[in-house]
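Report on the structure given below.
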Amino acid sequence: MMKYAVITGTSKGLGASIAKQLMEASYHVIGLARSENHDLATAELPGSYTHYQVNLADLSATQSTFQDIIADLQQKKLTELLLVQNAALVQPIEQAGKQEAKQLMDHVHVNLLAPMIITNLWLDAWRESGIPLIMANVTSGAAQRSVYGWNAYCSTKAGLDRFTETVALEQDELKTGHKIFLFDPSIMDTDMQGEIRSSDPSQFKDVEKFKDYKTYQNLRNTDTVANVLVEKLVAPERIKNGEYYSVKDIFR
Ligand SMILES: NC(=O)c1ccc[n+]([C@@H]2O[C@H](COP(=O)([O-])OP(=O)(O)OC[C@H]3O[C@@H](n4cnc5c(N)ncnc54)[C@H](OP(=O)(O)O)[C@@H]3O)[C@@H](O)[C@H]2O)c1
């Protein structure tokens, strides 16, 4: 029984919690981020952890890293294979007209283009394998509503939603048995929220509301949120291809 999970953005936040919980459930986890995760690398859990250091804004590095990961996995006798695309950034938080082009490029690369390229490589690599693939993409409520100062983030998350739903439609039509779905984690106590709180009201109109989320402890911890996703990932028969699954379906 060789169960593998490839997860982007495992150095901290939600991705680190998902990785740990899948390792507890005996999955061998391959994690990607720019920084390493010492806790996961040294954890004594039923599943192992292997880290690939990569900047997902660098699309050629992203492609070659995934080609290496796929070549490695193709040597193994896999019984299950999960892909969780969780890495993302919220910056630039700024009204359109005051943004730097390089920041916008990095943003779209990490949040949208890397997931598209990775999904493409992934579906191609396992075409003849007979392994039913499970692919989760982490989205945000911002995909469905416009937030002043988050024009980049709202756009890339909306793009990720539509991409995921379109790939799901294709897999249905092709009868591959692969399942790709969206997971909305709602608001969590992570560094991303810290970055949001540190923005200026001229950049982000709702900054006070987000400071209150922290003050009044409305932010969920990432272990709680990861558990909602992991319970689904370990019982893939419960996943519906193309579904939108939110932590709010469990916690109201
Ligand atoms: N926090 C919230 O309230 C909230 C709400 C809704 C949705 N989400 C979504 O939930 C997911 C996880 O967010 P989080 O709050 O856990 O964020 P986080 O604490 O900021 O962690 C982001 C992760 O993504 C990785 N990452 C960022 N840029 C990268 C790059 N250029 N190359 C490689 N890896 C990169 C980071 O690793 P390195 O920095 O080490 O590279 C880190 O492991 C994201 O998709 C986010 O949009 C979060």
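Derivation of every value follows stated rules applied to the coordinates shown; laboratory data play no part. Remember, predicted model here, so these are calculated numbers, not experimental data. Note that we place each Cβ from the backbone using ideal geometry, even for glycine, and neighbour counts take in every protein chain shown.
Taken over the stretch 86-140, the residue count meeting the criterion of being touching a Ser or Thr at 6+ places or on another chain (Cβ under 7 Å) and small (Gly, Ala, Ser) is 2. If you go through the stretch 64-111 and keep only what is within 18 Å of residue 52 (Cβ to Cβ), within 16 Å of the ligand (Cβ to nearest atom) and surrounded by fewer than 17 Cβ atoms within 10 Å (Cβ to Cβ), you end up with 64, 68.
Filtered by the rule that a residue be without any contact (Cβ under 8 Å) to a residue 40 or more places away in the chain and either aliphatic (A, V, I, L, M) or part of a loop (DSSP other than H, G, I, E, B) (or both), the stretch 229-250 gives 235, 250.
If the condition is being free of Cβ contacts under 8 Å to residues at least 40 places away in the same chain and either aliphatic (A, V, I, L, M) or within 17 Å of residue 34 (Cβ to Cβ) (or both), then the stretch 59-102 contributes 60, 61, 64, 65, 68, 71, 101, 102.
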